[in-house]
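Below is one structure, written out as structure tokens; comments come after it.
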Amino acid sequence: MTYEYHVFVSYPHAGHVGTWTRVHLVPTLKECLADEISRPQVFVDEAIEPGAHWRQELRRSLGRSRLLLAIWSPLYFDSDYCLAEWSTMAARERILGIGGADGPSSRLVFPLRYSDGDSFPRAAKEVEQNTVFKDFRYPYPQFRDSERYLPFYDAVTDLAQRIAARLTNVPPWDPDWPTEFPDPPPDPGPTPLPRL
């Protein structure tokens, strides 16, 4: 076995950030990555088949991904699953001994700042962040036809080039990398029917 995905997109589904990620960022990133690498594979959880065990599929897909593109916003840090995805890839970095003194070019976590980082936790504020998209936060489909879309496209092109460069430093795949997902909530059991 080996890697299946070049990039795992970690993002909150709630709010405008989820819509923006699915409608604008991911399709444009796939297009731009195709100009940089052969047959780019980008995992977005909306690709999980209905009826699949989504928690297990998230773990499997993250474990088979080279890089994590984390779309940081206040909602990201309120999501147990987003934090688990970030923690999982950060744990892989620690095991591999990369990211610290080696600098950001060897990191497996690639943060993208959707909004200003004033309310981010300290651990996020300490990560070098030079990928800021807060000027392009239009979730509506009409954004693609606006004047602001061309600078957005340029920014995604630059992002794709930097992701492609970072992919060259990714270590070989290891099936024993840890995953740090939260435990599922307990099964509440059957709901009793009301007495008539």
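The values are calculated or read from the model by the stated rules, or taken from the named source; none is laboratory data. Quick caveat: nothing in here was measured; it's all calculated off a predicted structure. Every residue, glycine as well, gets a Cβ built from its backbone with ideal geometry; the counts of neighbours run over all protein chains shown.
Checking LEU96, LEU159 one by one, the residue that is closer than 22 Å to ARG39 by Cα, out of contact with any Asp or Glu (no Cβ under 7 Å at 6 or more places or on another chain) and touching a residue at least 40 places away in the same chain (Cβ under 8 Å) is LEU159 and no other.
What is the residue count in the range 21-60 for residues that are part of a helix (DSSP H, G or I) and either of a type outside the set (Ser, Thr, Tyr) or at pLDDT below 90 (or both)? Walk me through it before giving the result.
Quick first cut of the range 21-60, residues part of a helix (DSSP H, G or I) only: 21-34, 45-47, 54-60.
The next check asks that each one be either of a type outside the set (Ser, Thr, Tyr) or at pLDDT below 90 (or both); those that pass are 22-27, 29-34, 45-47, 54-60.
Result for the range 21-60: 22.
Considering the range 120-132, and only residues there that are assigned to a loop (DSSP other than H, G, I, E, B) and over 24 Å from PHE152 (Cα atoms), the residue that is modelled with the lowest pLDDT turns out to be GLU126.
Which residues, counting only those in the range 118-147, are surrounded by 15 or more Cβ atoms within 10 Å (Cβ to Cβ) and in contact with a strand residue (DSSP E or B) (Cβ under 7 Å, 6 or more places away or on another chain)? Matches in the range 118-147: PHE120, ALA124, VAL127, GLN129, THR131, VAL132, PHE133. Residues in the range 7-41 that are within 15 Å of VAL170 (Cβ to Cβ) and either of a type in the set (Val, Ile, Thr) or in contact with a helix residue (DSSP H, G or I) (Cβ under 6 Å, 6 or more places away or on another chain) (or both): VAL7, PHE8, LEU33, GLU36, ILE37, PRO40.
Taking every residue in the range 67-90 that is without any contact (Cβ under 8 Å) to a residue 24 or more places away in the chain and pairing it with any residue that is assigned to a helix (DSSP H, G or I), at least 6 positions away or on another chain, the pairs with Cβ-Cβ distances below 7 Å are LEU83/PHE77. I'd like to check something: does the range 66-73 contain any residue that is outside any helix (DSSP H, G or I), modelled with pLDDT under 90 and not aromatic (Phe, Trp, Tyr)? No, every residue in the range 66-73 fails to be outside any helix (DSSP H, G or I), modelled with pLDDT under 90 and not aromatic (Phe, Trp, Tyr). If only residues of the range 19-28 that are over 13 Å from PHE133 (Cα atoms) and touching a residue at least 24 places away in the same chain (Cβ under 8 Å) are counted, the one that is surrounded by the most Cβ atoms within 10 Å (Cβ to Cβ) is THR28.
Within the range 1-18, the residues that satisfy the criterion of being of a type outside the set (A, V, I, L, M, F, W, C) and either loosely packed, with under 15 Cβ neighbours inside 10 Å or within 15 Å of TYR76 (Cα to Cα) (or both) are THR2, SER10, TYR11, PRO12, HIS13, GLY15, HIS16, GLY18.
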